[in-house]
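The next block holds one structure in the form of structure tokens; read it before the comments.
Read the figures in this text as sums done on the coordinates, not as results from a lab. Quick caveat: nothing in here was measured; it's all calculated off a predicted structure. Every residue, glycine as well, gets a Cβ built from its backbone with ideal geometry; the counts of neighbours run over all protein chains shown.
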Amino acid sequence: MDATGTPEPPHRVREMTEPDIEAVSAVRVSGWRYAYAGLMPQSHLDGLSATEYAERRRAAFADPSSTVTNLVAEGPDGAVVGWAAYGPAQDAEPGEGELYALYARPDVIGTGVGRALLTEVLRRAPHPAIRLWVLEGNARARRFYERAGFRPDGGVLVDEVDGFPVPEVRYRRAAAA
């Protein structure tokens, strides 16, 4: 509880900083391995490297022309337990936003981390509408986004991962609800 007796939120969401890169990279890799098990080749998931991702993230984070906003969620102990990235939609109507990524550490899924991050993205995004792509077979993520007011809009994309087709479905909703 804070000084007024109000319960403090279990997860504090803030802008990502450079010192968060390693923790965010670990969240992303563990999130991929958890969320996409059985949906993409296990060899691909096993080959993911938080160290390599941190190197790429560091370069992107330092790019002054980047239009991506990165947020992190901290647990009660201050550790980074979730990450979201959003910005202008790629190949879309001008002004539309896109949620590029939203991941939580597998041990905190179901505790409100994802909801806290998504709420903050929707609050901050300067776009009239937000879209995202979700793996077609990722039922948990699809339910999560549908509960938040996102709806499939008919867009489908099939990526290939290690020769394996990975279909994605596009979802959209108004940014402010």
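Things to note:
- Whether the range 59-164 is rounded, prolate or oblate, judged on the alpha carbon gyration tensor where a/c under 1.5 counts as rounded: rounded
- Within the chain, helices built from complete DSSP H runs that reach 15 Å or longer along their own axis (Cα positions) and carry a mean Kyte-Doolittle hydropathy of -0.5 or higher are 21-35, 113-124.
- Mean separation of Cα contacts under 8 Å (6+ apart) over length of the range 12-174, as relative contact order %: 21 percent
- Order of Tyr34, Tyr103, Tyr86 - criterion: other Cβ atoms within 10 Å of each residue's Cβ, fewest first: Tyr34, Tyr103, Tyr86
- Rg of the Cα atoms in the chain, relative to 2.2 N^0.38 Å, amounts to 1.03.
- Span per principal axis, largest first, for the Cα atoms of the range 124-177 (Å): 39, 20, 20
- Cα-based radius of gyration of the range 20-100 once divided by 2.2 N^0.38 Å, which approximates compact folds: 1.22
- Proxy reagent accessibility, fewest Cβ within 10 Å first, across Ile21, Ile109: Ile109, Ile21
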